[in-house]
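The values are calculated or read from the model by the stated rules, or taken from the named source; none is laboratory data. If you're wondering where the values come from, they're calculated on a predicted model, not measured in any experiment. Note: ideal-geometry Cβ built from the backbone for every residue, glycine included; neighbour counts use all protein chains shown. The protein model used for the area step is the full one, side chains on, heavy atoms only, and it has no ligands, DNA or RNA in it. Shrake-Rupley method; radii C 1.70, N 1.55, O 1.52, S 1.80 Å.
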Amino acid sequence: QVQLVESGGGLVQAGGSLRLSCVASGRTFRSAAMGWFRQAPGKEREFVAAIRWSGRLTNYADSAKGRFTISRDNAKNTLYLQMNGLKPEDTAVYYCNAANLDSISPYTPRYWGQGTQVTVSS
């Protein structure tokens, strides 16, 4: 059974940074893209970033470009999201996910974590 477990969320002031982690277990996501989505209160879940298995190619939502960095450590089955320059509008539950294919455009998640809350105060 596939499990994706996020950690690293919390409360931070505007302008601060957080690093989210996601550990995958139950299978190895060899040759599979992984990514992050988020869902703010009262809004639909939206794409944040995705990364191919090699880690060399990434895709970001416009809202994340220049502030967030997605990376992965395949030896540790771990996905990361470094978030800098956080804004109150980044407040959301952040979900780790993984696809069956190694594609980031389009990126189609198949497996989802339970989410981790990120709250940015002004």
Do you know which residues across segment 1-16 are open to solvent by 30 Å² or more (accessible area, probe 1.4 Å), assigned to a loop (DSSP other than H, G, I, E, B) and among the small types (G, A, S)? G8, G9, A14, G15
Only one of R38, R19 that is open to solvent by 60 Å² or more (accessible area, probe 1.4 Å), in contact with a Phe, Trp or Tyr (Cβ under 7 Å, 6 or more places away or on another chain), assigned to a strand (DSSP E or B) and not hydroxyl-bearing (S, T, Y): R19
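Just need a number here: residues in segment 41-56 that are touching a strand residue (DSSP E or B) at 6+ places or on another chain (Cβ under 7 Å) and part of a loop (DSSP other than H, G, I, E, B).
Total meeting the criteria: 2.
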Number of positions in segment 94-122 that are buried (at least 19 other Cβ atoms within 10 Å of the Cβ) and either in contact with a Phe, Trp or Tyr (Cβ under 8 Å, 6 or more places away or on another chain) or not in a strand (DSSP E or B) (or both): 12
Kindly list the number of the only condition in (1) closer than 17 Å to E6 by Cβ; (2) open to solvent by 40 Å² or more (accessible area, probe 1.4 Å); (3) not hydrophobic (A, V, I, L, M, F, W, C) that fails for T91. (2)
Do we have any residue at all in segment 10-23 that's within 10 Å of the chain's Cα centre (by Cα), within 19 Å of T116 (Cα to Cα) and among the small types (G, A, S)? yes
Looking only at segment 64-89, and only at residues there that are free of Cβ contacts under 8 Å to residues at least 24 places away in the same chain and not in a strand (DSSP E or B), the one that is farthest from the chain's Cα centre (by Cα): A75
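Quick check: anything in segment 13-30 at pLDDT below 95 and over 23 Å from P106 (Cα atoms)?
Yes, there is a match, as at least one residue in segment 13-30 is at pLDDT below 95 and over 23 Å from P106 (Cα atoms).
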Considering residues of segment 50-74 that are within 16 Å of T108 (Cα to Cα) and of a type outside the set (S, T, N, Q) only, the residue surrounded by the most Cβ atoms within 10 Å (Cβ to Cβ): A50
